[in-house]
Amino acid sequence: MAISAAKENILKRIRQALSNPVPLPFPLSEGAAPVFQPAGDDLDIIFAEEFTKLQGKFAFCMDETDLQLQVKKLIAEKEWSKIYCSEDKWNGQFSNTIHLPGCDASVTGCEWLVARTGTIVMSAAQQSGRTASVYAPVHICIAYTNQLVYDNKDALRALKERYPGNMPSLVTFASGPSRTADIEKTLVTGVHGPKEVYLFLVDAPAS
């Protein structure tokens, strides 16, 4: 079958292009280099700064005893009477209701904290499950300094290592209280989730 002159010309140009490839104009755009620069400060400082920018309430705890004192002080000051917690580690210390609907605040742990974006990473594999962090009007999250990572990709990599071949059915990246600007472009918090988020960071390894 004869090849037309126009088609032959196109094939000739393709052969020439393949024999003389043009270098990439942006060689670092192929994923070989990180998009964001490495952390310049300690991860706990970066997280606290970013988390508070997003209207989150941050508290640093020296140890478990300090954690109990600070959380109980917060509950007393806010006069919350119904605290929900389904996690064994803190259930006996803070929880006084088994009913998530109607509670004043819920207490949960988390999987990781992403310092660069001030984000709490949670999953369905936690004892608190899918709803405790979003159903209550106030979310109190307890984390430890060894749960800090720098970027989202570090959190995802750590999740894959924690749950090899069996990733949780739901992974949530929560950055501060829920907020939306759907109505007349006015920012409103607490519409699709908690209106307040407290993060207590304990300077001790998680047991």
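Values quoted throughout were computed directly from the atomic coordinates according to the rules given, and no laboratory measurement underlies them. Since the model is a prediction, treat every value here as computed from it, not as a measurement. Note: ideal-geometry Cβ built from the backbone for every residue, glycine included; neighbour counts use all protein chains shown.
If you rank Asp88, Asp151 by fewest surrounding Cβ atoms within 10 Å, what's the result?
Fewest to most other Cβ atoms nearby, the residues stand as Asp88, Asp151.
Specify the inter-centroid distance of region 52-88 and region 91-128, based on alpha-carbon positions, in whole Å.
11
Which ordering of Ile75, Ile10 is given by a fewest-first count of other beta-carbon atoms within 10 Å?
Ile10, Ile75
I'd like to compare 114-126, 155-167: which one has the highest average count of other Cβ atoms within 10 Å, and what's the full order after that?
Result, highest mean first: 114-126, 155-167.
Let me check against my output: what whole-number percent is the relative contact order of region 41-202, with C-alpha pairs under 8 Å and at least 6 apart?
29
Sorted from fewest to most neighbouring beta carbons within 10 Å, what does the list Lys78, Lys195, Lys7 look like?
Listed from fewest to most nearby Cβ atoms, that is Lys7, Lys78, Lys195.
If I stretch the segment between Ile10 and Trp80 completely, what's the gain in nm (0.36 nm per residue apart, minus their alpha carbon distance), one decimal?
Taking Ile10 through Trp80 to full extension adds about 17.7 nm, to one decimal.
Grab the beta carbon distance between Phe60 and Gln93, set R0 = 25 Å, and tell me the FRET efficiency rounded to 0.05.
Between Phe60 and Gln93 the formula returns 0.85.
How far apart, in nanometres, would the label points at Met167 and Ala204 be if each is projected 7 angstrom from Cα along the Cα-to-Cβ direction?
Each label point lies 7 Å from its Cα, and together they span 3.4 nm.
Could you calculate the FRET efficiency of Gln68 with Asp42 from 1/(1 + (r/R0)^6), where r is the beta carbon distance between them and R0 is 35 Å, rounded to 0.05?
Efficiency, rounded to the nearest 0.05: 0.90.
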